[in-house]
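The values are calculated or read from the model by the stated rules, or taken from the named source; none is laboratory data. Since we're looking at a predicted model, the values are computed, not measured. So basically every Cβ, Gly included, is an ideal-geometry build from the backbone, and we count neighbours across all protein chains shown.
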Amino acid sequence: MNLYRKIKKLIGKAIFGYNLVEEGDKILIALSGGEDSLVLTHFLAEWRHLYHKELHLYAIHLDMGFIKDEKSYAEGVNYLKTFCEEREINFIFDKTSIGEMVFEAVEKNTASPCFVCSWYRRKYFFKLAQKLNIKKIAFGHHKDDVIVTFFIKMFYCGELSTILPKQEMFKGDLYLIRPLYFVEKDMISRFVKQRGWRILENSCPFSEETKRAYWSKFLKENLFSKEPLIKVNLFSALFKPRLDYLPSPPKKGKT
C-alpha cells in the first residue's frame, strides 16, 4: 500500500470511528502552513470529493505578529492561498498582535509563551467559528502529538489524559476534531516531501524551547528510534485502561 493510501485509510479510521465529518458540515481548518496542517487541509478536501460529501471548508491562517522575514512570509501566505483555492477551500487570513502578548507574558513571568499563544489563538478561532456559524474546527494533531501530550499531562499536571479525536466544547455548540489522530508524524513528513509542498516556517522564537519540543525529541531519540514497538504499545495502551489495576483515591479519615 502506498503512502497516500495508508494516510487516507488512517484518516478514514478516525473520521468513521469518531463520526468527525458529517454531510453538510462547515469545518474551519487551522492552517499554520506547517506539514501537519497542509496534509490535514489536503485530505479533508480529498474526503469531500472521494465520498461526494457536501462539506463547506474554511482554512484560517493567522499572522501571529512575531518578527520574521516579511517578504518570504508574504510569499508563503500566497502559497497557502493558492493551495486552498486549488482545493476549493475558502482561505481566510488575518494579522494579530498575539506575539506582543506572548513577549509581555514572558517579561512579566505571568504565563508560559505557549499557553498565551494557544489561548489567544483558540479564542480567535472560536469567535470566527461563531461568526461563520461553524460547528467544527479541525486541528492537525497526529499520533505522535497524542503520545507526547500524554507524557506532558502526566509529568506536569499529575493526571492520565491526552488530546481527543473529537472534543465537545460549549455544551455541544462546537467540536474540535483531529482527523490525523492515527497518522504518524514521519508519514506526514514523507508525504509532504513527495508532493514537494512549500512549508511556512514557524516564526515563534520559543518553538524549540517548549516542553512539547523537548519531549518529542527525547522520546524519538531515546525510545522510539531504538525500540519502535514501544511507540506502538504506548499508543495502544491509551485505548486499554485497566482501571481495576489503578488505585482509587484513599478515603479521608479523621485526623
Might you check whether a residue that is modelled with pLDDT of 95 or more, among the charged types (D, E, K, R), over 18 Å from the mean Cα position of the chain (by Cα) and closer than 29 Å to Glu168 by Cα occurs anywhere in region 47-64? no
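So, in region 136-162, exactly how many residues are in a loop (DSSP other than H, G, I, E, B), surrounded by fewer than 17 Cβ atoms within 10 Å (Cβ to Cβ) and not hydroxyl-bearing (Ser, Thr, Tyr)? So that I can check it myself, show each step before the final result.
Within region 136-162, the first condition is being in a loop (DSSP other than H, G, I, E, B), and the residues that meet it are 139-142, 158-162.
Now narrow it down to the ones that are surrounded by fewer than 17 Cβ atoms within 10 Å (Cβ to Cβ): 158-161.
Narrowing further to those that are not hydroxyl-bearing (Ser, Thr, Tyr): 158-160.
Of the residues in that region, 3 qualify.
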Looking only at region 189-214, how many residues end up being buried (at least 17 other Cβ atoms within 10 Å of the Cβ), of a type in the set (A, V, I, L, M) and within 26 Å of Ser112 (Cβ to Cβ)? 1
Name the residue that is surrounded by the fewest Cβ atoms within 10 Å (Cβ to Cβ), counting only residues in region 167-185 that are touching a helix residue (DSSP H, G or I) at 6+ places or on another chain (Cβ under 8 Å) and within 19 Å of Arg212 (Cβ to Cβ). Lys185
